[in-house]
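Here the structure comes first, spelled out in structure tokens, and everything after it is commentary.
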Amino acid sequence: MATTAQVPVEVYLMSDYEPDAEYVDGHIEERPMGQYDHASWQQAIQHWFLNHSREWNVRVRPELRVQTTRFNFRVPDVVVFDRDNPIEQILTIPPIAVFEVLSPEDRMSRMMVKLKEYEQMGIRTIMVIDPALQTISQFLKGDLAEIGEGVQELPGSRCTIDWARVRELID
């Protein structure tokens with residue numbers, strides 16, 4: 001993954017990247033391109049929350065920019081946020097949950113920095129899915145720990161996620 005030379009935040013915000021890139025400490029960082037397994041997990045998570053979006057009063061979006069710090073903009077694979085919050089083109093209000101699906105090119109050291117930013121922003125549910133290892137992990141209090149297949153409640157919301165049923169949605 002390439003990182004650019006120093007770029008003003010205004011240039012990043014006015015530019016389109018395919019796929020979307022992240023803006024970190026004045027540099028544009030390319031995101032790894034998703035492969036089939038990555039896209040399948042991303043779609044399954046979206047599908048789960050879309051099926052419950054009205055019931056839980058949430059919105060779910062893929063690859064929506066989230067401003068984690070004054071000058072850092074991250075792009076989680078899936079973000080779930082409260083429908084009662086004002087619609088923002090770039091989220092500044094901490095979402096309910098973010099989901100990162102690892103690609104083969106992802107480096108865990110870079111991912112951990114990103115996860116810490118999410119936590120510092122106030123996001124209470126931060127999940128990492130590794131399609132290659134078929135693991136689901138949660139980042140909490142600075143630590144990434146694998147979780148089981150059970151039903152997980154998302155703090156600060158009415159949402160739950162049944163990981164076994166999400167796996168069934170993978171096509």
(request) Could you please tell me which pairs satisfy a Cβ distance under 7 Å, a separation of 6+ or placement on different chains, a first residue in the stretch 132-151 that is surrounded by 11 or more Cβ atoms within 10 Å (Cβ to Cβ), and a second residue that is of a type in the set (Gly, Ala, Ser)? (result) 137/145; 138/145; 144/137; 146/137; 147/137; 149/164
(request) Those residues that are within 12 Å of residue 91 (Cα to Cα) and of a type in the set (Ser, Thr, Tyr), I need them from the stretch 48-70; list them, please. (result) 68, 69
(message) Please return the ranges of strands (runs of 3 or more DSSP E) entirely within the stretch 118-171 where 2 or more residues are more than 24 Å from residue 103 (Cα to Cα).
(response) 151-153
(request) Just give me the residues in the stretch 21-49 being of a type in the set (A, V, I, L, M) and either over 14 Å from residue 60 (Cβ atoms) or in a strand (DSSP E or B) (or both), in sequence order. (result) 21, 24, 28, 33, 39
(message) For residue 41, only one of the following conditions fails: (1) of a type in the set (A, V, I, L, M, F, W, C); (2) touching a residue at least 40 places away in the same chain (Cβ under 8 Å); (3) exposed (fewer than 15 other Cβ atoms within 10 Å of the Cβ). What is its number?
(response) (3)
(message) I'd like the full set of residues that are assigned to a loop (DSSP other than H, G, I, E, B) and within 20 Å of residue 17 (Cβ to Cβ), limited to the stretch 55-71.
(response) 63, 64, 65, 71
(message) Among the listed residues 22, 105, 100, 88, identify the single one that is closer than 29 Å to residue 146 by Cβ, charged (D, E, K, R) and free of Cβ contacts under 8 Å to residues at least 40 places away in the same chain.
(response) 100
(message) Among the numbered criteria (1) assigned to a strand (DSSP E or B); (2) surrounded by fewer than 18 Cβ atoms within 10 Å (Cβ to Cβ); (3) in contact (Cβ under 8 Å) with a residue 60 or more places away in the chain, which one does residue 52 miss?
(response) (1)
(request) Working only within the stretch 55-70, note down all residues that are basic (Lys, Arg) and without any contact (Cβ under 8 Å) to a residue 40 or more places away in the chain. (result) 59, 61, 70
(request) Go through the stretch 10-38 residue by residue and tally those that are buried (at least 16 other Cβ atoms within 10 Å of the Cβ) and over 22 Å from residue 118 (Cα atoms). (result) 1
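Quick note: the coordinates plus some simple rules give every number you see, no bench work behind them. Note that this is a predicted model, so its numbers are computed, not measured. FYI the Cβ positions are ideal-geometry reconstructions off the backbone, even for glycines, and counts take in every protein chain you see.
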